[in-house]
Amino acid sequence: MAKKQKSGQGDQTNVQESSDMPVGIFPTIRGKFSSVEEYVQAAKEILEQKKETLSQIKKFKFDTIAVNGIYTPKEAINYNQGALIEPLYLGVAQAYQDTNEWEGAFRYKVPSWCYGRYANPTVWYLEQVLALLEAYQTGHETSCLVTASGMSAIKLAADAFLAKQKKGPEEINFVSSLQLYGGTFQQFIVSQKQDRGIDVRFVVNQTDLNEWKEKIDDNTRFLYTEVPSNPQLAFCDIEAVVNLAHSWEIPFIIDATCATPALMRPIAYGADIVIHSLTKSIGSSGLGLGGALISRKPIVTKLKNDNPFFKESFAEFVKWLSFRDTGPAAAPMNSLMFLNDLRTLRPRMDMLSQNCQRVSEFLEQHPHVYQVDYLGLPNSPLYDLAKKYMKLVDSDDGQGNELNRYGHLMCFRVDGPPENARKVFDNLKLIFRAGDLGRIKSMATLPALSTHLQPGEEFRDKADIPDQMIRLCVGAEDPGDIIADLDQALNSI
């Protein structure tokens, strides 16, 4: 018969393993206690204090949350020598005071980060502020998991719904818009369809609700889209597709990387899960690599799971299980870079959007350009749809309405054969040639030769990515200088 485990202050057998507390909660217990129960009680008191702090932070405006996150002057003074910036924790493991704290932590009853593959305090600061910004003024609570890249965030989200159920169909599927970043398309086609046999059903025109409807059946696990899409800036009626998904009791997942929470918060329209490549627009400095999975509490899903977090706090469910087991942990240094970039997110996205608007209007009139794809142009077929959703948070047009801002990403198509687009691309002097976007510096790429080369010509034709297309992400330079560089490059043909 197994012996009862005891500590210095009595029988500990009543402390059970539990899912009461997600991994990665970070408020620190100060002081040494003589039993597991005393550590658990101290943890409850600290978490109640943290809960109260969060309730106060939620009353602040978007910019205030972005600048300070959950890092308060009180915390700085009590725990971090008064430093104004969140601490950078480079150590990969946590030390414990004694076996009682250790036992409470590993039973998820005492706040702990334990090991860098599970969690890290610096990463936790980032997760908390991203959750707050994505939920801002939506009326919903959210949870967040930060990962090593945007692609890992997508994979973790999808895999959680594509796991086989104890009782359920062997043939399962998910429905996605076709207009996706090339890496996402490859992940869906290769990792999910070819390697695992998951049926991936693509919607070519995501503005057509009937096309979404035709692809869904009882075995569909989720709907997925990327809005605005990279590079062609496709869009869907988010609210309508969300309602469709929920009518089937399945979640709606959206990659909103190019919008950021400063311009669009899909949670407000019922989206269940929001994906970001933090490497891009949020991390505009270009100094960090990372991704984020942010989930509404609760998500809509008809799938059954014994773990209550699966539905009630999906991001924490992923963090607790598949993230812990597969190990796509974000680097603490990268997380600190993202925290720093977040502080200027709203004014930065405002400026970059205005710059991009000016550049797109110039290119629209240029004789060597036959098409400009930018959501802020009134003649864009998606203008009215984008106008409904893309608004600068906490802005005011003088009449109590938020200002429309359409982001920093655009594409233009060079007249003539593909060789003309190559020549224009090669003649850029100020604008960087790079397979990246969302930077504070302007950069351009040829999607057919870079981000969307691997999926193949058939995919590019269906997704409307011709060889003549140049993707341009407008930065914070003076827009007149960007325009001059584009003009001289276009006039080289």
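The values are calculated or read from the model by the stated rules, or taken from the named source; none is laboratory data. None of these values were measured; they are calculated from a predicted model. Virtual Cβ from ideal backbone geometry, glycine too; neighbours counted across all protein chains shown.
One table, with the values for the structure above:
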| read-out | value |
| --- | --- |
| Helices (runs of 4 or more DSSP H) contained in segment 296-393 and holding at least 2 residues among the aromatic types (F, W, Y) | 309-312, 314-320, 383-389 |
| Long-range neighbours under 7 Å by Cβ, at least six apart or interchain, first residue assigned by TED's automatic domain parsing to the domain that holds K304 and among the acidic types (D, E) within segment 234-257, second surrounded by fewer than 24 Cβ atoms within 10 Å (Cβ to Cβ) and part of a loop (DSSP other than H, G, I, E, B) | D237/T207; E239/G270; E249/V300; E249/T301; E249/K302 |
| Odd one out for F188, checked against (1) over 18 Å from the mean Cα position of the chain (by Cα); (2) among the aromatic types (F, W, Y); (3) within 22 Å of P231 (Cβ to Cβ) | (1) |
| Scope segment 258-296; condition surrounded by fewer than 24 Cβ atoms within 10 Å (Cβ to Cβ), free of Cβ contacts under 8 Å to residues at least 60 places away in the same chain and under 21 Å from A234 (Cα atoms); matching residues | G270 |
| Within segment 440-492, considering residues that are in contact with a Ser or Thr (Cβ under 7 Å, 6 or more places away or on another chain) and either polar (S, T, N, Q) or surrounded by fewer than 20 Cβ atoms within 10 Å (Cβ to Cβ) (or both), the one modelled with the lowest pLDDT | T451 |
| Selected residue (only one of L428, L437 is crowded, with 22+ Cβ neighbours inside 10 Å, outside any helix (DSSP H, G or I) and of a type outside the set (S, T, Y)) | L437 |
| Every pair of residues 6+ apart whose Cβ atoms lie under 9 Å, when the first sits in segment 297-315 and is touching a residue at least 60 places away in the same chain (Cβ under 8 Å) and closer than 20 Å to L244 by Cα while the second is among the small types (G, A, S) and in a loop (DSSP other than H, G, I, E, B) | K297/S313; L303/A163; L303/G168 |
| Filtered residues of segment 317-349 (kept if within 26 Å of D159 (Cα to Cα) and either in the same structural domain as N68 (by TED's automatic domain parsing) or of a type in the set (S, T, Y) (or both)) | S322, T326, S335 |
| Unmet requirement for Q186, which otherwise passes all of (1) out of contact with any Cys (no Cβ under 7 Å at 6 or more places or on another chain); (2) farther than 25 Å from K304 by Cβ; (3) modelled with pLDDT of 95 or more | (3) |
| Output for segment 403-425, where each listed residue is within 30 Å of D384 (Cβ to Cβ) and part of a loop (DSSP other than H, G, I, E, B) | L403, R405, Y406, G407, H408, D415 |
| Residue in segment 139-155 that is surrounded by fewer than 18 Cβ atoms within 10 Å (Cβ to Cβ) and not in a loop (DSSP other than H, G, I, E, B) present | yes |
| N100 in contact with a Pro (Cβ under 7 Å, 6 or more places away or on another chain) and not β-branched (V, I, T) | no |
| Residue in segment 47-59 that is assigned to a helix (DSSP H, G or I) and over 31 Å from the mean Cα position of the chain (by Cα) present | no |
